[in-house]
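All remarks here apply to the structure that follows.
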């Protein structure tokens, strides 16, 4: 698709030397148009349910993208100037063109970052913008994008099809009624948009409103969440309900990877405390730990693949959190232990071949030291791809270099785009495919792998591994 | 040796660009046939004592190799299918051909791993197998290997000589009577097989049977191990005995690198507690810490080189450990601190130029941050090579890139194969030599080193540094 | 400058492949002669005040350089042989030629290290020494350097000008009277030598002589440092005084990055305890933590840029410290946390766009995980360059590869030479410029950056970013 866009070099991200570049090109040529599997992400299901046009370039590209506004903020741009809504409804910039101009005038900040690659790709391949964003070009590019957004071919479902998406998973809270998913299904549209069960709001005692959520959880499921059994039953029911909307996986965004396997009576007492009183830090951590094990037990029962995403210190910037709320680019990775943290759960379930637990990390030091050795041994474990800040050229290279020799390729699960930025999806998968082909080409060029094996692996990394690991 | 084997590319693992590849080739050509020094490993001395033929391809290549069965296990293959003996003697597969077929049908799992490189090398150079293992080729390759194993040229001593081994160290428990070593010596065979003093069983209070071991330790040495002085005396005697069988080194596999330097009266009291009662975790850790210092003191007396191998969480998989015992691929690396951990010992002995302590790690984050700065300063410290999960192309590259600039080459000790897999020894040393030549070639090609210096260093890394560091 | 020195390859440190090397060369050609900004370092201001000739090759190159004598010490050379003064004034080698010979005979130890690059550069470009140091060449090179040192062109001010230094910052204790800086100013010489406010001696309760320092601090500033208010006032006065000698920055060498924001009454009580009694470890750490926040508050008032250099375990070698004192190559990096450590300070001041805090690390694991995400979000934070043991080819490559994708280039601050070794300054900046050009060239060659953008960035990394970040 990109070859006709001269603004994007057809060999971008490939190794420089002629031989390895040529092998990379060959591998890539055969997988670049493979359907996109997006088994983990945060697109809004209402887009596909309602199929309304996107409003304007700023609200499509700038306002929802924390990669963009964190960088601008780091260089002194106020979030108000970018139209980020304030928690108290206070005034912020509302003119999309004004927001776009601020963004454009700071475009140089993204040199060397993945955001630059993603947006160049989206601008060029979707909107035929083949020049660099700048103060000078800002309005021209704005108009070009705005004009296209009004066309039927730029509505969400049309883009979904144009992107070659075979299946996309959204992520919904355990309390979500999945109305958009119902609406998609009832519309008769054939695009496969599935949900993912994300129970943090009813699993994390430190989540704002936790005890209210427990009550809603009871109401939504018709169970008595005033006791531990009823609470677990509510999860079972919700998981089954999410499965009816296509869910094949659950997702757990904990601060750490800690797991526990408490005697039932202790778990019950812990739940009673937490469901009736404000949580102390250790109780909260222990409950989250216990719930990872409970969720794993349910996954063994109902077949949902479990994803554990630990290690982010959320809302690190106190003032920003008070002013603008969650997810504003102020989540900072922390050191994460897996070896002792996962042991209680693995002691119970680690040898189950029918259970799949996908581990992610924001702490690259765990790749070679902990995650690859764990995934290269336990039948239930698989490694999720380079994630979040590491969803980038160098981040992906480090992932392969630090996991492959111990865990191999077959204990990994392909790529996740993990994005809220719909138009970046083809770009992100393209980057991952290019980096994987370059990595495989390097193995071939250093005679560690035959070319036919690399070909087979390129297919698996682009498509097959995600398909099987996520049971799609 | 490999040039006649077209299945193995003669330039494997060398850089891709013509200039650096050519320099690598030149360096390698001059050291590829250097004698093998294997100063740290786990081959079975009975092989050399008895010189019996190896039984069959499966028991030679599959059953003893935890790199292999951990990978197969991670993808759902039961260890019973691979003939791994159960602790209770329960039934497992006994037909070597059946085991081999399971292994062969999963060969693709090793793509991108060092196991693939090692076995391709052994198959090709030793058994003239020049095709890829697969379900289809499994029986043919099995027969080809089995046929050779029956020949005199494939007996352990013949292979030892064919491999060009100048000296190999095995590792024996402090309680071992070294009968195989005696038998080797008495046989008149000239192969230099030396032992290494590994006292974990009488140093680690959490080792199964520790207090019984202390009694045996007393019996074997004719000392009263009921008290601290006698216990230390027993070590001295055993170390001297091991030296008579060629030992030049000791080896210490502790969970952490912690050291201590307790007042004698406290050490004595600690020993009395541990030798008579079950150990609490802190006592056990403190005793191991104290014993590293005691062993270092004895090394200063008797000249044995000390090796510290910390940072493995042993037997992480509880069920597997209960079913199959130790060393089944379920040891997982953990974060390891050296700076504060080693300080008590270094405060006492760190400035002794006649003491050699070789540090290993499973935590690569310590290379540039802790180990290279420590070894680049303390006269007694040297860095062991990339170890275990990091004994691989990328692992070795990271080791050189993260240690050389601070510790130089001369504070490192060459390569250790550290293996139980006899036939992989030439392959492992070949990989290390290739990676080192590639690294040196890169320094030459970027004009950081002259080619004559690289030549000298290639010799040292392949042979000279191990010879001097291990006092061989 | 180097092109006429055939001993130094003009393409050193550039990538090997023709295309990337050629781009690197082009970028470098346009910035290699940019003026040197040295905003953080440890040259002695007396050199520039007195402008006396340097005494001899050994006292210029060997005796003050802990990179050199730590490596020699690690291989068994006594510091006495190198003329390192003993704390008790005991005898050490005093013949510079004898010291030089010991150094020369161990030159091979530096193969693969930055010291080798720096000294080859200084020998060749300053002294026309175009051969390798060795036992054989030692005297010849000694004489060649000694002869030049007697010439006017080799006096400190002449070298300063020859090096193209636009501004150099030295680092002085809060108690320093800045006499040398006054003398420089009064001399009428135009070289811009500025000071930096380094208050560790009056901020760290574990610094030898802390409570005496507090008294001197009061005397020097004419304030009553017997109470918390007076103590803070003394800092304000001294900072203002340092600004009159050009200071644009402060520097803080703490063991950790911990910060605190205590209620005033608690801070006051803590100060009273520490100023009158020996410190317990936790009080000392808490006070240092509080003082980072106090210094940041003052920086917001007076505009001094704040530099935090945490994570060194100082004087790790007890015996060496007792015998030779501080800064003898026995400072060892430790694991360093930033995310929770900086939070108290960032909660208070993190969103101030007029505050600049530059973070350094000796723990590379924090680059991608903590520092880049923090600097890519908080307006006050910037990343200092690869530091100390990481001020090297591979260290700088890792810095760029692990920070750029998340923090971009504009949240970094160019290069610091951080050196006591005056003649190494041009070499160190040259290495940094080459590595940056090589990195940028790689982005261009893989089509992640246009060449005109790389050109602009090369200028910024060599000059512009340091100029603006340090407010020079």
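The values are calculated or read from the model by the stated rules, or taken from the named source; none is laboratory data. Note that the coordinates shown come from a computational prediction; the quantities given were computed from them, not determined experimentally. Here the Cβ is made from the backbone with ideal geometry for all residues, glycine too, and neighbour counts use every protein chain on show.
Restricting attention to region C:313-332, does a residue exist that is surrounded by 20 or more Cβ atoms within 10 Å (Cβ to Cβ) and away from chain B (no Cβ under 14 Å)?
No, because not a single residue in region C:313-332 is surrounded by 20 or more Cβ atoms within 10 Å (Cβ to Cβ) and away from chain B (no Cβ under 14 Å).
Quick one: would you say residue B:250 is part of a strand (DSSP E or B), in contact with a helix residue (DSSP H, G or I) (Cβ under 7 Å, 6 or more places away or on another chain) and either surrounded by 21 or more Cβ atoms within 10 Å (Cβ to Cβ) or in the same structural domain as residue B:39 (by TED's automatic domain parsing) (or both)?
For residue B:250, the condition - part of a strand (DSSP E or B), in contact with a helix residue (DSSP H, G or I) (Cβ under 7 Å, 6 or more places away or on another chain) and either surrounded by 21 or more Cβ atoms within 10 Å (Cβ to Cβ) or in the same structural domain as residue B:39 (by TED's automatic domain parsing) (or both) - is met.
I'd like to verify a number: residues in region A:103-156 that are crowded, with 17+ Cβ neighbours inside 10 Å and assigned to a loop (DSSP other than H, G, I, E, B), how many?
Qualifying residue count, region A:103-156: 8.
Taking residue A:407, is it within 10 Å of chain B (Cβ to nearest Cβ) and either crowded, with 24+ Cβ neighbours inside 10 Å or over 19 Å from the mean Cα position of the chain (by Cα) (or both)?
In short, yes.
Among the helices (runs of 4 or more DSSP H) lying completely within region A:256-351, list those that include at least 3 residues that are assigned by TED's automatic domain parsing to the domain that holds residue A:227, in contact with a helix residue (DSSP H, G or I) (Cβ under 7 Å, 6 or more places away or on another chain) and more than 28 Å from residue A:87 (Cα to Cα).
Output list reads A:264-276, A:281-302, A:343-349.
How many residues, within region C:20-53, are surrounded by 18 or more Cβ atoms within 10 Å (Cβ to Cβ) and touching a strand residue (DSSP E or B) at 6+ places or on another chain (Cβ under 7 Å)?
9
Restricting to region A:365-381, and then to whatever is assigned to a loop (DSSP other than H, G, I, E, B) and in contact (Cβ under 8 Å) with a residue 24 or more places away in the chain, can you tell me which residue is farthest from the other protein chains (Cβ to nearest Cβ)?
A:380
For residue B:362, indicate whether it is modelled with pLDDT of 95 or more and either out of contact with any strand residue (DSSP E or B) (no Cβ under 6 Å at 6 or more places or on another chain) or under 21 Å from residue B:388 (Cβ atoms) (or both).
When the stated conditions are applied, residue B:362 passes them.
Look through region C:382-404, keep the residues that are over 20 Å from residue A:335 (Cα atoms), away from chain B (no Cβ under 13 Å) and touching a helix residue (DSSP H, G or I) at 6+ places or on another chain (Cβ under 7 Å), and return whichever of them is surrounded by the most Cβ atoms within 10 Å (Cβ to Cβ).
The extreme case among them is C:385.
So, in region C:157-172, exactly how many residues are surrounded by fewer than 16 Cβ atoms within 10 Å (Cβ to Cβ) and touching a helix residue (DSSP H, G or I) at 6+ places or on another chain (Cβ under 8 Å)?
Residues in region C:157-172 being surrounded by fewer than 16 Cβ atoms within 10 Å (Cβ to Cβ) and touching a helix residue (DSSP H, G or I) at 6+ places or on another chain (Cβ under 8 Å): 3 in total.
Criterion first (within 30 Å of residue C:268 (Cβ to Cβ), within 24 Å of the chain's Cα centre (by Cα) and not assigned by TED's automatic domain parsing to the domain that holds residue C:127) does residue C:200 satisfy it?
yes
What are the residue pairs meeting all of these: first residue in region C:320-331, first residue on the phi > 0 side of the Ramachandran plot, second residue surrounded by fewer than 16 Cβ atoms within 10 Å (Cβ to Cβ), Cβ atoms under 6 Å, and 6 or more apart or on different chains?
As it stands, the answer is C:325/C:87, since those pairs meet every condition given.
Give C:418, C:455 a once-over and let me know the one that is more than 10 Å from chain A (Cβ to nearest Cβ), surrounded by fewer than 24 Cβ atoms within 10 Å (Cβ to Cβ) and within 25 Å of residue A:14 (Cα to Cα).
Criteria check complete, one pass: C:455.
Could you check, for region C:53-62, whether at least one of its residues is within 30 Å of residue C:188 (Cα to Cα) and free of Cβ contacts under 8 Å to residues at least 40 places away in the same chain?
Within region C:53-62 (the criterion being within 30 Å of residue C:188 (Cα to Cα) and free of Cβ contacts under 8 Å to residues at least 40 places away in the same chain), the answer is yes, since at least one residue qualifies.
Would you pick out the residues in region B:74-102 that are without any contact (Cβ under 8 Å) to a residue 60 or more places away in the chain, part of a helix (DSSP H, G or I) and in contact with a helix residue (DSSP H, G or I) (Cβ under 7 Å, 6 or more places away or on another chain)?
Across region B:74-102, the qualifying residues are B:74, B:81, B:82, B:96, B:97, B:99, B:100, B:101, B:102.
Looking at C:206, C:161, C:186, C:233, can you tell me which residue is assigned by TED's automatic domain parsing to the domain that holds residue C:285, within 30 Å of residue C:283 (Cα to Cα), out of contact with any strand residue (DSSP E or B) (no Cβ under 9 Å at 6 or more places or on another chain) and in a helix (DSSP H, G or I)?
Values: C:206 fails: in a helix (DSSP H, G or I); C:161 fails: within 30 Å of residue C:283 (Cα to Cα); C:186 fails: within 30 Å of residue C:283 (Cα to Cα).
On inspection, the qualifying residue turns out to be C:233.
Scan region A:53-64 and tell me whether some residue there is modelled with pLDDT under 95, under 30 Å from residue A:396 (Cα atoms) and in a loop (DSSP other than H, G, I, E, B).
yes
How many of the residues in region A:60-76 are more than 9 Å from chain C (Cβ to nearest Cβ) and either under 15 Å from residue A:320 (Cα atoms) or in contact with a strand residue (DSSP E or B) (Cβ under 9 Å, 6 or more places away or on another chain) (or both)?
Counting residues in region A:60-76 that are more than 9 Å from chain C (Cβ to nearest Cβ) and either under 15 Å from residue A:320 (Cα atoms) or in contact with a strand residue (DSSP E or B) (Cβ under 9 Å, 6 or more places away or on another chain) (or both) gives 3.
Just to verify a result, which residue in region C:344-364, among those that are within 7 Å of chain A (Cβ to nearest Cβ) and surrounded by fewer than 21 Cβ atoms within 10 Å (Cβ to Cβ), is nearest to the chain's Cα centre (by Cα)?
Across region C:344-364, the extreme among qualifying residues is C:353.
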